[in-house]
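Structure first, then comments.
The values are calculated or read from the model by the stated rules, or taken from the named source; none is laboratory data. What you are looking at is a predicted structure, and each value in this text was computed from that prediction instead of being measured. Here the Cβ positions follow ideal geometry from the backbone for every residue, glycine too, while neighbour counts run over all protein chains shown. The accessibility values were calculated without ligands, DNA or RNA, using every heavy atom of the protein model including side chains. Shrake-Rupley method; radii C 1.70, N 1.55, O 1.52, S 1.80 Å.
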Amino acid sequence: MTVLGLDTSNYTTSIAFLSDDGGENCSRLLPVKPGELGLRQSDAVFHHTKSLPELSGRLFSRLDGRTISAVGVSTRPRAVEGSYMPCFLVGYSHAVMLAQCLNVPLFEVSHQQGHVAAALWSAGCLELMDQPHLAWHLSGGTTELLLVEPEGKNVRCTRVGGTTDISAGQLIDRTGVLLGLPFPAGKHLDALSAQAEKKDFYPVKCAGMEFSLSGMQNQVAKYAESNTPADTAAFALGTMCSAVLKATRNAQKEYPGLRVVFSGGVASNSMLRERTKPLDPVFAQPQYSTDNAMGVAVLTRRLAEDQ
C-alpha cells in the first residue's frame, strides 16, 4: 500500500509518501527575513501555496499516482478543541483535491500526532503507537510533555507538563537573533554551542512536570554581555536541556515504566540528545524531528489499513 501525507505547518511545507518499500519526505522551510522571529499567517499561507505544487511535482516525478491508496493531511496543530491555524488550510485544500482526483479516502490528523508518529517510525519503534508512552513535542511554538495513548490506529495526546509560557524553540530563536544567527536558529545555535569552552546553565525551577522559560531570555542576554557567542549558545541550550531533563525525571516517577519519546524540531539538538541518554529515550532521526509530512503518511497508512 502506498499513501500520501501533507503537512503545511507554520514554518515548513512538506509532502511525503510511504509504501511497502519505505518512504520519502520532500520539504521546504518558509522564508523569514533576517532579524525577524517568524511569519504572519497570511505570509505563511502565501509561501505554502507557492511551494506545495513544486514539492508535489518533485515527489510525483518518482511516484506513480495510480499506486496511491489513501491521502492524509494535518488540519490543525493539536487534536483539541479550538486548535487552529490558517496555514493548515493550504495542505487541506490540496489533499482534498488529490483524494477526489485519485478517488481514494482522505484522512485528517493533527500536526502534533504526526510528529509523534514520525519520531516512532524513524526510530524503528512503531510498536509504541499501540502502547501508552510519554512524548515531548519540542518546537518553535510548542513545548509540551504528553501522555500518548492508543486511539484506534491513531494516538490521543494529553498534555501533562511542559512550559507555562514561551516554548523551548522560542528561547532558542530569540537567542539566535541576539547572536545574529539565521531564523530558525536551532541548527545554527547547535553548531555554535559545539565550540563552547564553558558548560554553564541556569537552574530552571520545575514544579512537577512544568516550568517557565520566559525569564530565561533575560538570563541569556545578561550572560552574553560577558561571554563569547559560543558559550552563550551553550548556556541557552544547557538551560533548556536542564528544564526538560528535570520535568522528564518527574514524569517518569508519575508514570513509571513508560518510554519517553522526543519529537519536534528542538529534538534534533545534539546537546539534548546527549544529556537525556540516562533516560533511555526514543529520538526521531534528526531529519524527522523537524516538521515533516512523514508522520502524517504513517498515520494515514495505519488508518487506511484499518478500514
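Nearest 10 degrees is fine. How inclined is helix 168-178 to the longest principal axis of the chain, computing both from alpha carbons?
60 degrees
If the convex hull of the alpha-carbon atoms of the stretch 39-106 is projected onto planes in all directions, what is the mean projected area in square nanometres?
Details: hull surface 21.1 nm².
If I average the Cα hull's projected area over directions, I get 5.3 nm².
What number do you get for the stretch 107-158 when its Cα radius of gyration is normalised by 2.2 N^0.38 Å, N = residues?
1.05
Quick one: check the C-alpha center-to-center distance for the stretch 93-152 versus the stretch 235-281, whole angstrom.
Each part reduced to its Cα centre gives a spacing of 20 Å.
Find the eigenvalues of the gyration tensor of the Cα atoms of the stretch 155-291, then list the square roots of 5 times those eigenvalues as equivalent ellipsoid semi-axes, largest first, in whole angstrom. Each step should come with its number before you reach the end.
On the way: eigenvalues 121, 53, 37 Å².
The equivalent ellipsoid of the stretch 155-291 has semi-axes of 25, 16, 14 Å.
Could you tell me how many degrees, from 0 to 90 and to the nearest 10, lie between the Cα long axis of helix 41-60 and the main elongation axis, the longest principal axis, of the Cα atoms of the chain?
Once rounded, one gets 50 degrees.
For the chain, what is the percent of antiparallel DSSP beta bridges, rounded to the nearest 5?
Counting DSSP beta bridges with both partners in the chain, the antiparallel share is about 60 percent.
How large is Rg over Rh for the chain, taking Rg from the Cα atoms and Rh as the Kirkwood inverse mean of 1/r across Cα pairs?
0.98
I'd like the Kirkwood hydrodynamic radius of the stretch 39-159, using the inverse of the mean 1/r over distinct C-alpha pairs, in Å.
Result for the stretch 39-159 stands at 15.9 Å.
Quick check: pseudo-label points 7 Å beyond the Cα along Cα→Cβ at residue 199 and residue 101, how many nm apart are they?
Between residue 199 and residue 101, the simple spin-label model gives 5.4 nm.
Going down the table (187/222; 50/277; 33/222; 33/205), which pairs top 30 Å between alpha carbons? Walk me through the numbers on the way to the answer.
Working: 187/222 23 Å; 50/277 40 Å; 33/222 26 Å; 33/205 34 Å.
Beyond 30 Å between Cα atoms: 50/277; 33/205.
Please give the calculated 222 nm ellipticity per residue for the chain, where each DSSP H segment of at least 4 residues contributes -39500 (n - 2.57) and the sum is spread over every residue; nearest 500 deg cm²/dmol?
Numbers: 9 runs with 119 residues, N = 307.
Helix-only estimate at 222 nm: -12500 deg cm²/dmol.
If you wrap a convex hull around the alpha carbons of the stretch 197-236, what volume per residue comes out, as a whole number of Å³?
Residue-normalised Cα hull volume stands at 64 Å³.
Taking the alpha-carbon centroid of each part, what is the distance from the stretch 1-51 to the stretch 158-206 in angstrom?
Comparing the Cα centres of the stretch 1-51 and the stretch 158-206, I get a distance of 23 Å.
Over the chain, average the accessible area per residue using a 1.4 Å probe and give it in Å², no decimals.
44 Å²
Please report the accessible area of residue 73 (heavy atoms, 1.4 Å probe, ligands and nucleic acids excluded) in Å², nearest 10.
Residue 73 exposes around 0 Å² with every protein chain in place.
If you take the C-alpha gyration tensor of the stretch 150-225, multiply each eigenvalue by 5 and take the square root, what semi-axes do you get, largest first, in whole Å?
28, 17, 12
Using only Cα atoms, find the angle between the long axis of helix 111-122 and the longest principal axis of the chain, and express it within 0 to 90 degrees, rounded to the nearest 10.
90 degrees
Keeping all protein chains in position, work out how much accessible area residue 58 exposes to a 1.4 Å probe, and write it in Å² to the nearest 10.
90 Å²
Once neighbouring chains are kept in place and the probe is 1.4 Å, which whole percent of the accessible area of the chain is contributed by carbon and sulfur?
51 percent
Just need log10 I(q)/I(0) for the stretch 1-88 at q = 0.11, 0.19, 0.23, 0.25 Å⁻¹, Debye formula, equal scatterers on the alpha-carbon atoms, no solvent, rounded to two decimals.
The computed values of log10 I(q)/I(0) come out as -0.35, -0.89, -1.12, -1.21.
Which number do you get for Rg(Cα) / (2.2 N^0.38 Å) in the stretch 99-228?
Scaled against compact globular proteins, the figure is 1.32.
For the stretch 213-297, just the Cα set please: Rg and Dmax, both in angstrom.
Every Cα atom of the stretch 213-297 included, Rg and Dmax give 15.0, 47 Å.
Could you sort the peptides 82-92, 163-173, 293-303 by per-residue average Cβ neighbour count (10 Å cutoff), highest mean leading? Present the calculation step by step, with values, prior to reporting the outcome.
On the way: 82-92: 17.8, 163-173: 21.7, 293-303: 29.3.
Answer by packing, highest mean first, reads 293-303, 163-173, 82-92.
At each listed q (0.23, 0.25, 0.32, 0.33 Å⁻¹), what is the log10 of I(q)/I(0) that the Debye formula gives for the stretch 266-307 modelled as equal alpha-carbon point scatterers?
One equal scatterer on each Cα of the stretch 266-307 leads to -0.77, -0.83, -1.05, -1.08.
Express in % the proportion of alpha carbon pairs of the stretch 1-51 at distances exceeding 15 Å. Don't jump to the answer; show the numbers that get you there.
Numbers: 635 of 1275 pairs.
So the pairs more than 15 Å apart make up 50 percent of the total in the stretch 1-51.
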